[in-house]
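The values are calculated or read from the model by the stated rules, or taken from the named source; none is laboratory data. Keep in mind that what you see is a predicted model, and the values were worked out from it rather than measured. Cβ coordinates were reconstructed from backbone atoms using ideal geometry, including for glycine residues, and neighbour counts include every protein chain displayed.
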Ligand code: ZN
């Protein structure tokens, strides 16, 4: 393992932050180094602290413990990620024999010196009871492999040497903190590290570099020991299943684990697929079922992954057989209603499921590292999991569960949306609103350049972990089906389908070139048909309902002269959607139509439709671009400019299933009497 300590980078960070205590800035530097190495720390795991002296408001010198806030990610931590606490008050708690969860949580909160600081880590007392200025803690893979392998004490002692103390597993809290403090005192400070078996490793030092370097040295020694014993073999390459079959499995599994409430609403879970070499190999290993059942590396992982992985040994060709095999595996998985956070299937790899996309990503990463650790422990002589009782204690511990963030006010969290024509203004606006509502969103367009512009704008606003851009020509059914495979392998399936791609052509019927008419029909009508048709088998496999929201047009109820190709094709698409509403209701899929009018783009994303229609309309009415916008604003009852985000809000409304509505048309036009539904 590489020691990434960089004295000049640390000095530069200190120079950048004259407003912060130097000791804290040096703490931030090495915390980020630890957080940046996934073999040491994954997503919010591990914690670090620094002890410093600071005057209080009255100028009295106080000892302060700055400790990582619970759930904060070391890789990106800043000063706001640390909670400053009254160290003297915390140290005094070492005199207690026991401390209830409630009392410990309260003590950690009331000893904060900044009321806005985050909740301190549940391992705060341990950091307080160690006298060193800097304490670093990770759940490093190599330490956990030795810890969960045969003869863990002997192997760890051989690997790490005499300056490392080993302690049996104890759940975090006062008890572990006292054990660690006592071990340190008993060695009269002649220690570089303390390992809590099946938990992780603590290192310490009087400066940031020492504590960090001891961590790297310790883990490097463990890694070297493993490789000397041949316990770090190369992962053999395992061919994946064909993409379509893998996608079908993921769609079916995700649908089967959606939570259905009595009232009829469905909570879909976010999914992430990890087809890494490690996961593909593990899934085809003869011992795969055993590895899936053998439990977590450390109880800390259990709130993220559960203690067991669902194993799906064979991926059936036929949809019905596939669903039956998954239902059977789920029934055997655990008590009624128990849902796996991870599944492993040959040729597919790991499928992680979570309340939010972030939860699923964390479970996938931990799952992947766990498979590698189990392979290594097996090579060393056998994987010995921690007692399931310890895991359950930690999994259900109220203080641990607080690490799980809520979903917030995001009605579509866990759902996957697919938006066509997203390179244009309306499609981009819809995708933005869906992302804001918590969905994972796949955007598509036939124009790769326009799609990339929108992708980068959306990624700036919402990050790219819930965003997938995929070019797709909706006039080609096979291309649409292929795009759905990619979306399913990225996000688990499709719940919200937004056929929005459309093209315009301006010509009176007398002059309308049949080939141009055909081209408009190809995109607007056939494209809508393809996008809906290709999704139906996915909706069936998922069995968890869904929403189709067709972006129709004000032109359907209220057509305009010289706009025959567009209006006729949109009317056809509208009728296809109504038929879909009839046919898909039995499987819980609702199909509704949104009728926007006069949605212009902006300087960043133009409306493809207005790029075509605008010049003609301006000419016929003698208007400039600004005048044209005013004309359409003045034409509606509410005198408003209709924006792409308004259309997006309507899509989110339907996708949120707040009303039992299907087959409906919803105008988003500021009020146009001639377009009132009759
Ligand atoms: Zn820990």
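Computed quantities for the displayed model
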quantity	calculated
Which numbered condition residue 83 fails, given (1) buried (at least 22 other Cβ atoms within 10 Å of the Cβ); (2) within 16 Å of the ligand (Cβ to nearest atom); (3) under 15 Å from residue 135 (Cα atoms)	(2)
Exclusive hit being more than 16 Å from the ligand (Cβ to nearest atom), in contact (Cβ under 8 Å) with a residue 12 or more places away in the chain and assigned by TED's automatic domain parsing to the domain that holds residue 196, set 160, 174, 166	160
Qualifying residue in the range 19-32 (condition: touching a helix residue (DSSP H, G or I) at 6+ places or on another chain (Cβ under 9 Å), within 16 Å of the ligand (Cβ to nearest atom) and in a helix (DSSP H, G or I))	yes
Residue count, the range 249-272 (criterion: surrounded by 23 or more Cβ atoms within 10 Å (Cβ to Cβ) and in contact with a helix residue (DSSP H, G or I) (Cβ under 6 Å, 6 or more places away or on another chain))	8
Qualifying residue in the range 337-350 (condition: more than 16 Å from the ligand (Cβ to nearest atom), without any contact (Cβ under 8 Å) to a residue 60 or more places away in the chain and more than 26 Å from residue 144 (Cα to Cα))	yes
Test result for residue 234, in a helix (DSSP H, G or I) and either at negative phi or free of Cβ contacts under 8 Å to residues at least 24 places away in the same chain (or both)	no
Qualifying residues in the range 184-209 (those that are in a strand (DSSP E or B) and over 20 Å from residue 24 (Cβ atoms)) - the one nearest to the ligand (Cβ to nearest atom)	200
Out of 598, 573, sole residue that is buried (at least 19 other Cβ atoms within 10 Å of the Cβ), in a helix (DSSP H, G or I) and touching a residue at least 24 places away in the same chain (Cβ under 8 Å)	573
Output for the range 415-470, where each listed residue is assigned to a strand (DSSP E or B) and within 16 Å of residue 607 (Cα to Cα)	419, 443, 444, 445
Contacts under 6 angstrom Cβ, first residue in the range 277-303 being assigned by TED's automatic domain parsing to the domain that holds residue 315, partner in a loop (DSSP other than H, G, I, E, B) and within 16 Å of the ligand (Cβ to nearest atom), 6 or more apart	297/148; 298/139; 298/198; 298/199; 302/296
Leading residue by the ranking (surrounded by the fewest Cβ atoms within 10 Å (Cβ to Cβ)) among those in the range 105-129 that are within 16 Å of the ligand (Cβ to nearest atom) and in a loop (DSSP other than H, G, I, E, B)	119
Residue 327 surrounded by 21 or more Cβ atoms within 10 Å (Cβ to Cβ) and in a helix (DSSP H, G or I)	no
Residues within the range 130-180 that are farther than 20 Å from residue 300 by Cβ and either out of contact with any strand residue (DSSP E or B) (no Cβ under 9 Å at 6 or more places or on another chain) or assigned to a loop (DSSP other than H, G, I, E, B) (or both), tallied	12
Residue satisfying all of: in the range 33-54; surrounded by fewer than 20 Cβ atoms within 10 Å (Cβ to Cβ) and within 15 Å of residue 206 (Cβ to Cβ); nearest to the ligand (Cβ to nearest atom) among these	52
Residue match in the range 375-389 (condition: closer than 29 Å to residue 669 by Cβ and either in the same structural domain as residue 646 (by TED's automatic domain parsing) or part of a loop (DSSP other than H, G, I, E, B) (or both))	no
So residue 442, is it assigned by TED's automatic domain parsing to the domain that holds residue 611, buried (at least 18 other Cβ atoms within 10 Å of the Cβ) and in contact with a strand residue (DSSP E or B) (Cβ under 6 Å, 6 or more places away or on another chain)	yes
Criterion (within 14 Å of the ligand (Cβ to nearest atom) and either crowded, with 24+ Cβ neighbours inside 10 Å or in the same structural domain as residue 131 (by TED's automatic domain parsing) (or both)) met by exactly one of 58, 74, 65	74
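Results for (1) more than 28 Å from residue 449 (Cα to Cα); (2) buried (at least 19 other Cβ atoms within 10 Å of the Cβ); (3) more than 26 Å from the chain's Cα centre (by Cα), shown as yes or no for each residue.
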position	(1), (2), (3)
481	no, no, no
518	no, no, yes
535	no, yes, no
542	yes, yes, no
552	no, yes, yes
569	no, yes, yes
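Residue-by-condition table, conditions (1) without any contact (Cβ under 8 Å) to a residue 24 or more places away in the chain; (2) closer than 24 Å to residue 398 by Cα; (3) in contact with a strand residue (DSSP E or B) (Cβ under 6 Å, 6 or more places away or on another chain):
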| site | (1), (2), (3) |
| --- | --- |
| 27 | no, no, yes |
| 32 | no, no, no |
| 40 | no, no, yes |
| 47 | no, yes, yes |
| 50 | no, no, yes |
| 68 | no, yes, yes |
| 74 | no, yes, no |
| 91 | no, yes, no |
| 110 | yes, yes, no |
